[in-house]
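These notes are about the structure you will find just below.
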Amino acid sequence: MFEKGSYVIYKRDVCKIADIFKSKVNNMEYYRLSPISDESLIINVPTDNKNGYLKRLLTKEEIEKLIDNIPNIMPVEADSHLLDNIYKELFHSGNHEDLIKIIKTTYLRNKHRKEAKRSIGQKDDEYFKKAERYLYNEFSVVLGLDFDETKKYVIDKVKENVKD
């Protein structure tokens, strides 16, 4: 069971547990969640977490280990027509490495398009931003940085690791 004031992942969004309460309707305990991306939104989720939608955030050590491993995570190699389905599967896996695969794949695809003086792919750009948002929102809470600082931190650490 999570504690009031702690942060959790609900589906893919980082949320703060604003309260824990017992429903007068069904006498069940609920978490009252406030997503960090929209604090005006309130989500009530049963504390039993039967659906498995609630997960703990990574620890700082787990994040550092994941960042260190980014150079070893390979982008997706697939025909353009299959990528949309592959991206969807990777998103639904709940796996941080899969989000990194999406970021790396979409970044490289758009980089090649720019170099060829072509416009970036709309789908690739959407998936890139979505994967970054999910990954860096979680990292930013744990690392105590804002989104842009977190992105810079990760990029700098990866560059540092690649030089070694």
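The values are calculated or read from the model by the stated rules, or taken from the named source; none is laboratory data. Just so it is clear, the structure is predicted and the values come from calculations on it, not from any experiment. Cβ sites come from the backbone with ideal geometry, for glycine too, and all protein chains shown count toward neighbours. Just so you know, the surface numbers come from the protein's heavy atoms only, side chains and all, with ligands and any DNA or RNA stripped out. Shrake-Rupley method; radii C 1.70, N 1.55, O 1.52, S 1.80 Å.
Of the residues Lys123, Lys157, which single one is more than 12 Å from the chain's Cα centre (by Cα) and within 23 Å of Glu62 (Cβ to Cβ)?
Lys157
Got a sec? Which of Ile67, Ile103 is in contact with a Lys or Arg (Cβ under 6 Å, 6 or more places away or on another chain) and on the phi < 0 side of the Ramachandran plot? Even if it seems obvious, please write down each step before you answer.
Details: Ile103 fails: in contact with a Lys or Arg (Cβ under 6 Å, 6 or more places away or on another chain).
Matching residue, one of Ile67, Ile103: Ile67.
Filtering the range 128-164 to residues that are hydroxyl-bearing (Ser, Thr, Tyr) and either farther than 21 Å from Tyr10 by Cβ or exposed (fewer than 12 other Cβ atoms within 10 Å of the Cβ) (or both) leaves only Tyr153. Cβ-Cβ distances below 6 Å connect the following pairs, each with a first residue in the range 126-139 that is touching a residue at least 24 places away in the same chain (Cβ under 8 Å), a second residue that is open to solvent by 40 Å² or more (accessible area, probe 1.4 Å), and a separation of six or more residues or different chains: Tyr134/Arg12. Does the range 7-20 contain at least one residue that is farther than 23 Å from Arg133 by Cβ and either in contact (Cβ under 8 Å) with a residue 40 or more places away in the chain or surrounded by 13 or more Cβ atoms within 10 Å (Cβ to Cβ) (or both)? Within the range 7-20, one or more residues are farther than 23 Å from Arg133 by Cβ and either in contact (Cβ under 8 Å) with a residue 40 or more places away in the chain or surrounded by 13 or more Cβ atoms within 10 Å (Cβ to Cβ) (or both). Being of a type in the set (A, V, I, L, M) and touching a His at 6+ places or on another chain (Cβ under 9 Å) narrows it down to one residue among Ile63, Ile67, Ile86; which is it? Exactly one of Ile63, Ile67, Ile86 is of a type in the set (A, V, I, L, M) and touching a His at 6+ places or on another chain (Cβ under 9 Å), namely Ile63.
Could you grab me the full set of residues in the range 65-90 that are among the polar types (S, T, N, Q) and touching a Ser or Thr at 6+ places or on another chain (Cβ under 9 Å)?
Within the range 65-90, no residue meets the criteria.
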